[in-house]
Amino acid sequence: MLDEHGVIDLITKRFGKLPEGYVPIGDDVALIPGGERGESVVLKCDMLVAKTDVPPTMSWKLAARKAVAMCISDFAAKGVRPTAFMVSIGLRRGTPDSRVVELASGLLEASREWDVKLVGGDTGEAGDLVIDCTMVGFAREIVRRAGARPGECVVTSGTFGQTAAGLRILVDGAKAGPRFRKEAVYSVLNPKPRLRLGLAVSKYLSSSIDSSDGLAMSLHSISEASGVGIRLDELPSVAGLDEFASRNSCSAEELVLYGGEEYEIVGTVPKNSIREAQRAARSAWGELRVIGETVSPETLKGVALPDGRKARRDGWVHFRSQP
């Protein structure tokens, strides 16, 4: 059975290679060369579907904000400031006015939060709530997935596992202490893309990717696109995750590596630039946490965990049973 990557491959292989200057299909955004002042057009589209992307207790207002946040996170990872967005919305026939007002409120909140303008869109009848967001910005260049070289620092903008725990609390009724529960659920309902951080550190990044498909999937994507191996020194686990995993008979490692839905930046920085990059991150009220290093593909293929085991190429993938 095809997963989302198989669907994409079946479509894109019929179109061949893009001309020089374009970013190959499969990166976080598309880049179309040309434009005024030597700037290229940066485009991203992402689809939110209620069945898979809107967990219990998430309001339609928060769902609309999340639809925009999904695109913002990709722009953050590429170091590009977004300018405007459009949305195509699918609704069931007879959807109450109050629900549409909720959607409008969420889109307005996102527009103000990230200073992007809603400039149009479309509507259609659907069997479930669907919000497809298309975002545009302008840049001379972006940070691509295919830029890492052996001997660089592997970095993240935050910790992992919290949203995966939050989803288990919301969907499966997992048990958690009051503080951990509150913070985990909040992280699911109110994703926080690292746009300010991405803009501040992009000039130091040799490669980067949005992490919403999960840490392991993100690391494998950089490894494959750049032709390097990745050796981890630590797993960036959120505080309290071990206790949560113990209480619910699940693996903290699995939640960190494969849970997904974090809107962090994962990337690489040359070692001679890491201190300056970390200072830039702090100036943007963020962090760049070093979790490993890149190595030659002759030394290591794929992603190795701190104990030497290989990380699976797995995470949040549509049309597949989720980890």
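Here Thr159, Thr268 are screened, and the one residue that is within 19 Å of the chain's Cα centre (by Cα), under 23 Å from Asp27 (Cα atoms) and surrounded by 23 or more Cβ atoms within 10 Å (Cβ to Cβ) is Thr268. Scanning region 176-189 for residues that are open to solvent by 30 Å² or more (accessible area, probe 1.4 Å) and farther than 18 Å from Asn248 by Cα yields one hit, Tyr186. Give me the pairs: first residue in region 99-117 and open to solvent by 60 Å² or more (accessible area, probe 1.4 Å), second residue of a type in the set (A, V, I, L, M), beta-carbon distance under 6 Å, and six or more apart or on different chains, which are they? Correct list of pairs: Lys117/Ala84.
Per-residue answers, yes or no, for (1) closer than 30 Å to Ile230 by Cα; (2) of a type outside the set (D, E, K, R):
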| site | (1), (2) |
| --- | --- |
| Ser88 | no, yes |
| Gly94 | no, yes |
| Glu113 | no, no |
| Glu141 | yes, no |
| Arg144 | yes, no |
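Within region 94-132, track down each residue that is β-branched (Val, Ile, Thr) and either touching a Cys at 6+ places or on another chain (Cβ under 6 Å) or part of a strand (DSSP E or B) (or both). Spell out how you get there, then give the answer.
First pass over region 94-132, keeping only residues β-branched (Val, Ile, Thr): 95, 100-101, 116, 119, 123, 130-131.
Within region 94-132, Val119, Thr123, Val130, Ile131 qualify.
Please go through region 216-259 and pick out each residue that is open to solvent by less than 10 Å² (accessible area, probe 1.4 Å) and either of a type in the set (A, V, I, L, M) or at positive phi (or both). Scanning region 216-259 gives Ala216, Met217, Leu219, Ile222, Val228, Ile230, Leu232, Leu241, Ala245, Leu255, Val256, Leu257. Filtered by the rule that a residue be open to solvent by less than 40 Å² (accessible area, probe 1.4 Å), under 18 Å from Gly315 (Cα atoms) and part of a loop (DSSP other than H, G, I, E, B), region 1-47 gives Asp3, Asp27, Asp28.
The values are calculated or read from the model by the stated rules, or taken from the named source; none is laboratory data. No experiment lies behind these values; they were computed from the predicted model shown. Neighbour counts run over all protein chains shown; Cβ positions are idealised from the backbone, glycine included. SASA here: full protein model, heavy atoms, side chains in, ligands and nucleic acids out. Shrake-Rupley method; radii C 1.70, N 1.55, O 1.52, S 1.80 Å.
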